[in-house]
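> Sharing a structure here in C-alpha cells format.
The values are calculated or read from the model by the stated rules, or taken from the named source; none is laboratory data. All values derive from a computational prediction rather than experimental measurement. No Cβ is skipped: glycine too gets one built from the backbone with ideal geometry, and neighbour counts run over all protein chains shown.
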Amino acid sequence: MKVIWKKISAFIAAMLLTMTSLYMFTNVVDADTVPDDPNDGIITATERKTDLLNEVHEDAPVISAASYILYDADSGSILLGNDYNVQKEPASMTKVMTVLLALERLNLDDIITISPEMAEAVNAITSDYVKLGLQEGEEISVRDLVYAAVLKSANDASLVLGIQMGGTESAFCDIMNEKAQELGCQNTHFSSAFGYSTPDNVTTPYDMALILNEAVSSTSYSEIAKTLNYTISATNKYSSDREITNSNRFVNTTTYGYEYYAGGKTGFTNSAGYTLCAAAKKNNRTLIGVVFNATDADIRYSDLIKLFEYGYSTFTTVEITESEFSPLIEEARAQMNDLLSDTNLYISDQRIILDQYITTTSSRAQLGSTNRIDLSNALIDTAADRQTLEIPLCKVYSDKTYLIGTLIVEIEKKAGVVEINPEKKTNLTNVRSILITFAVLSGLILLLVIILLIFRAHVIKRRRDEVTKRANML
C-alpha cells in the first residue's frame with residue numbers, strides 16, 4: 001500500500017510541475033521563435049552609412065587629393081572616401097558656414113555700415129588674402145557681401161558678415177561651432193570667419209559635406225554659387241559699380257564646367273593646399289564631394305567630376321514610402337491581435353518611423369528587393385499593464401538585409417478588469433492561464449478520484465479473497 005501511495009504522490013507532483021510550467025509560459029506571448037541575436041545579419045541605419053565602403057569597387061576612380069569624400073545627401077551614406085574624418089584646414093571653404101549663417105540670420109536687403117571695429121579687423125587681414133576693399137564708414141548691403149564672399153572669395157566681406165552677426169569674430173566663431181554641432185559635425189572647430197590659415201581652424205571632409213548640404217538644401221546658397229557675374233552697385237565710398245566674376249571653374253570654364261553643379265566653394269592656403277567642396281544634383285539625387293590637399297588648382301575639379309560621375313553610375317538611391325509596408329503591417333497587426341484575443345490586452349496605438357531613402361549599388365538594386373517585418377523578437381508580456389514593441393522594418397536584397405525603419409506598437413490592458421482580490425488584479429494572470437490552471441486541476445482531481453476508486457476496489461477484492469480463504473480453511 002505504501003508503494004501505491006508513493007506512486008500517486010509522484011504522479012501528483014509531476015502534474016503540478018506541468019501545470020506550473022504551462023502557467024509560466026502563458027505569461028509571455030511570443031510572436032515568433034526568438035533567435036540568439038535578433039539583429040544578426042541585419043545592417044542597421046548607423047552601419048548603413050558606411051556599409052558601401054566595405055565593398056570592393058575595382059573600377060572606382062583614382063583621386064589625387066590626400067583626403068576626400070563622396071556623400072549621398074539624401075540617404076546620408078558615404079559612397080567613397082579616404083581619411084574623411086581626419087581634421088584638416090579648410091581654407092576658404094570656411095566661408096560656406098559664414099554665408100549659411102548669414103542667409104539664415106540676416107536680411108539680404110539690409111545695409112551694413114563698416115564700423116571702426118570692423119575696419120580694424122579688415123585691415124589686419126594680410127595683403128596675400130583676397131579682399132573686396134571695404135572701407136570704414138562704407139554702407140553696403142548684406143547681399144553684396146554674400147556674393148563677394150562666395151564668388152570672389154573676398155575675406156573682408158566674410159569677416160564683416162561674421163562681426164555683424166556675432167559682435168566680434170571670436171563670438172561669431174562660437175556661433176559657427178554651435179551650428180556645426182547642430183548639423184552633426186563631430187570634428188570641426190572654427191576659429192576664423194573666413195578661413196585664415198591657423199591650426200585650430202579645422203574640419204573634415206565628412207563634416208564639410210554636412211555643412212555644404214545644409215547650405216544648398218535650406219538656403220539660396222546654390223543659386224548664389226552658380227552665378228557667373230554679379231554687380232556691386234556704387235556705395236558712399238565707391239563712385240562706380242564693382243563687377244565680380246565667379247572664380248569657381250565649375251562655373252567660369254568649359255574645361256571643368258559641370259552641368260549638374262549645384263554650388264560649392266574653393267579654398268587655398270600654403271598650409272591647407274588646394275581644397276574644394278561641391279554639390280551636384282542629377283535626377284533629383286544630390287551628391288556632395290569634398291577634397292582636401294589636392295595636388296594643384298585644376299585637378300581638384302577633375303577629382304570631383306570623377307567622383308560625381310562614378311557616384312551617379314555605380315550607386316542608386318531609392319525612396320522608401322509607408323505605403324509599400326502597409327500590407328505587411330496589416331498582416332503583423334492581425335497576427336498580434338490573434339495572439340491577444342484570449343488575453344486582457346489590446347493594441348492601443350501604432351506608428352512607423354521610416355528612413356526616407358536608402359542607397360545601394362545599381363547592380364544590387366537591379367536584382368530587386370523585398371520588404372520584411374521582423375517579428376522574431378516581438379515578445380508580449382501579458383502581465384504588464386502597458387508595453388511598447390519596437391519591430392524592425394527591413395529591405396532585403398539578394399545578399400544584404402537593411403534595417404530601414406521601426407514599427408512601434410503600444411499595447412495596454414483593457415479597461416474594467418475585475419479584481420480577484422483587493423491587492424492583485426487580473427493583469428497578473430490572464431484568461432489563458434486561468435483556463436489552463438482550471439483544466440489541469442480538474443483533470444488532476446478526476447484522475448485522483450479514479451485512482452482512489454481503483455485502490456478501493458482493490459482493497460475490497462483483497463478482503464473478499466481473505467474471507468473466502470478463511471471459509472475454505474474451515
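> Kindly indicate whether any position in segment 181-192 is modelled with pLDDT of 95 or more and part of a helix (DSSP H, G or I).
Within segment 181-192, the subset modelled with pLDDT of 95 or more is 181-192.
Checking the rest, the ones that are also part of a helix (DSSP H, G or I) come to 181-182.
The answer is yes, given that some residue of segment 181-192 is modelled with pLDDT of 95 or more and part of a helix (DSSP H, G or I).
> Is it true that Arg285 is in contact (Cβ under 8 Å) with a residue 12 or more places away in the chain, surrounded by 22 or more Cβ atoms within 10 Å (Cβ to Cβ) and touching a strand residue (DSSP E or B) at 6+ places or on another chain (Cβ under 9 Å)?
Numbers: in contact (Cβ under 8 Å) with a residue 12 or more places away in the chain: yes; surrounded by 22 or more Cβ atoms within 10 Å (Cβ to Cβ): no; touching a strand residue (DSSP E or B) at 6+ places or on another chain (Cβ under 9 Å): yes.
So Arg285 does not fit the description; no.
> OK, next. Pairs needed: first member in segment 253-275, closer than 13 Å to Ala225 by Cα; second member anywhere, modelled with pLDDT of 95 or more and assigned to a loop (DSSP other than H, G, I, E, B); C-beta distance under 7 Å; at least 6 residues apart or different chains.
Note: pairs meeting the criteria are Tyr261/Lys226; Gly263/Lys226; Gly264/Asn248; Thr266/Ser153; Thr266/Ser247; Thr266/Asn248.
> Just the residues that are under 31 Å from the mean Cα position of the chain (by Cα) and buried (at least 18 other Cβ atoms within 10 Å of the Cβ), please, taken from segment 166-182. Explain how you work it out, then say what you get.
Applying the first criterion (under 31 Å from the mean Cα position of the chain (by Cα)) to segment 166-182 yields 172-182.
Once the filter is applied, which keeps residues that are under 31 Å from the mean Cα position of the chain (by Cα) and buried (at least 18 other Cβ atoms within 10 Å of the Cβ), segment 166-182 yields Phe172, Cys173, Ile175, Met176, Lys179, Ala180.
> Return the pair list, or none, for Cβ contacts closer than 6 Å from residues in segment 138-163 that are on the phi > 0 side of the Ramachandran plot to residues that are buried (at least 24 other Cβ atoms within 10 Å of the Cβ), at least 6 apart or on different chains.
Close Cβ pairs satisfying both conditions: Ser153/Ser92.
> Related question: Being at pLDDT 95 or above and more than 30 Å from Ala148 (Cα to Cα) is true for just one of Thr286, Thr314. Which residue is that? Outline the logic, then answer.
Details: Thr286 fails: more than 30 Å from Ala148 (Cα to Cα).
Just one listed residue meets the conditions, Thr314.
> Please work out if Tyr312 is surrounded by fewer than 16 Cβ atoms within 10 Å (Cβ to Cβ), aromatic (Phe, Trp, Tyr) and out of contact with any Phe, Trp or Tyr (no Cβ under 7 Å at 6 or more places or on another chain). Talk me through it step by step, then tell me what you get.
Values: surrounded by fewer than 16 Cβ atoms within 10 Å (Cβ to Cβ): no; aromatic (Phe, Trp, Tyr): yes; out of contact with any Phe, Trp or Tyr (no Cβ under 7 Å at 6 or more places or on another chain): yes.
No, not satisfied.
> Mind checking which residues of segment 200-221 are under 11 Å from Val99 (Cβ atoms) and among the small types (Gly, Ala, Ser)?
Within segment 200-221, Ala215, Ser220 meet the criteria.
> So which pairs qualify, if the first residue must be in segment 101-125 and modelled with pLDDT of 95 or more, the second must be assigned to a loop (DSSP other than H, G, I, E, B) and crowded, with 16+ Cβ neighbours inside 10 Å, the Cβ gap must be under 6 Å, and the two must be at least 6 apart or on different chains?
Leu103/Thr219; Ile114/Leu134; Ile114/Glu138; Val122/Leu134
> Starting from segment 381-400, keep only residues that are within 24 Å of Ile42 (Cβ to Cβ), then list their pairs with residues that are of a type in the set (Phe, Trp, Tyr) and modelled with pLDDT of 95 or more whose Cβ atoms are within a distance under 9 Å, requiring at least 6 positions of separation or different chains.
Within 9 Å, the pairs are Cys394/Tyr402; Lys395/Tyr402; Val396/Tyr402.
> Would you pick out the residues in segment 252-297 that are of a type in the set (A, V, I, L, M) and within 26 Å of Thr314 (Cβ to Cβ)?
Taking segment 252-297 as the starting set, the residues that turn out to be of a type in the set (A, V, I, L, M) are 262, 272, 276, 278-280, 287-288, 290-291, 294, 297.
Across segment 252-297, the qualifying residues are Ala262, Leu276, Ala278, Ala279, Ala280, Leu287, Ile288, Val290, Val291, Ala294.
> What are the residues in segment 312-360 that are among the charged types (D, E, K, R), within 21 Å of the chain's Cα centre (by Cα) and part of a helix (DSSP H, G or I), if any? Walk me through it before giving the result.
Pass one, segment 312-360, residues among the charged types (D, E, K, R): 319, 322, 324, 330-331, 333, 338, 342, 349, 351, 355.
Now narrow it down to the ones that are within 21 Å of the chain's Cα centre (by Cα): 319, 322, 324, 351, 355.
Hits for segment 312-360 are Glu322, Glu324.
> Identify, please: which residue in segment 354-400 is among the hydroxyl-bearing types (Ser, Thr, Tyr) and farther than 21 Å from Tyr310 by Cβ and is, among those, modelled with the lowest pLDDT?
Quick first cut of segment 354-400, residues among the hydroxyl-bearing types (Ser, Thr, Tyr) only: 357, 359-363, 369-370, 376, 382, 388, 397-398.
Pick out the ones that are also farther than 21 Å from Tyr310 by Cβ and you get 369-370, 376, 382, 388, 398.
Numbers: Ser369: 95, Thr370: 96, Ser376: 82, Thr382: 85, Thr388: 95, Ser398: 93.
Across segment 354-400, the extreme among qualifying residues is Ser376.
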